[in-house]
Amino acid sequence: MSQFDDNMPWNDDQLSFDSPELGDGGVAATKVRPKPEVSEDEGLLTPWNVILLDDDHHTYEYVMRMVSKVFGHNVAGAFEIAKTVDTQGRAICLTTHKELAELKVEQVHSFGPDPLMSESVGSMSAVMEPAEAGDDDGSDHTNTGGDNLQ
């Protein structure tokens, strides 16, 4: 036996079943903490829309290239977003959880100017807003493909 075994609680000489901590029966009482009440929505990720805002300093080609790279949309989807942002002033590019939405807004803002337009001095603008149950067009903008979404 080592020098440490003499002081361990499992040593019969040290463990007393009549100790006040264990009570008279020799069994320690365990208190069970009740589970906190959890609402139905708690724990679910709240969806956020990443919205591209229109300006006159970026071409369709730029918007389509940026939307494809940042959001992983195919050419047809990228064209629809470019057309929507041009005609309606804004377009939802992605609906996702808050952290990814923040990242995508930052990626849009750091994409750089449009090389096809001399007056383009910077990236396009994008914002994020909480997604509501019924979007304007009712379509699902969640990107389910692309390597950049993790």
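The values are calculated or read from the model by the stated rules, or taken from the named source; none is laboratory data. All figures in this text were calculated on a predicted structure; none of them were measured in a lab. Counting neighbours? That spans all protein chains shown, and the Cβs are built from the backbone with ideal geometry, glycine included.
Test residue 83 against the stated conditions and say whether it is modelled with pLDDT of 95 or more, closer than 20 Å to residue 128 by Cβ and of a type in the set (Lys, Arg).
Taking the combined requirement at face value, the residue does not satisfy it.
Out of all the residues in segment 93-116, is one or more in a helix (DSSP H, G or I), at pLDDT 95 or above, more than 20 Å from the chain's Cα centre (by Cα) and within 23 Å of residue 47 (Cβ to Cβ)?
For segment 93-116, residues in a helix (DSSP H, G or I), at pLDDT 95 or above, more than 20 Å from the chain's Cα centre (by Cα) and within 23 Å of residue 47 (Cβ to Cβ): absent.
Six or more apart or on different chains, Cβ atoms under 8 Å: show the pairs whose first residue is in segment 95-113 and closer than 9 Å to residue 48 by Cα and whose second is in a helix (DSSP H, G or I).
96/104
Scan segment 95-103 and give yes if some residue there is closer than 17 Å to residue 58 by Cβ and touching a His at 6+ places or on another chain (Cβ under 6 Å), otherwise no.
Our first condition is that a residue be closer than 17 Å to residue 58 by Cβ; within segment 95-103, this holds for none.
No; the residues of segment 95-103 include none that is closer than 17 Å to residue 58 by Cβ and touching a His at 6+ places or on another chain (Cβ under 6 Å).
In segment 54-109, what residues are of a type in the set (Gly, Ala, Ser), buried (at least 20 other Cβ atoms within 10 Å of the Cβ) and more than 12 Å from residue 125 (Cα to Cα)?
Selection gives 78, 82, 101.
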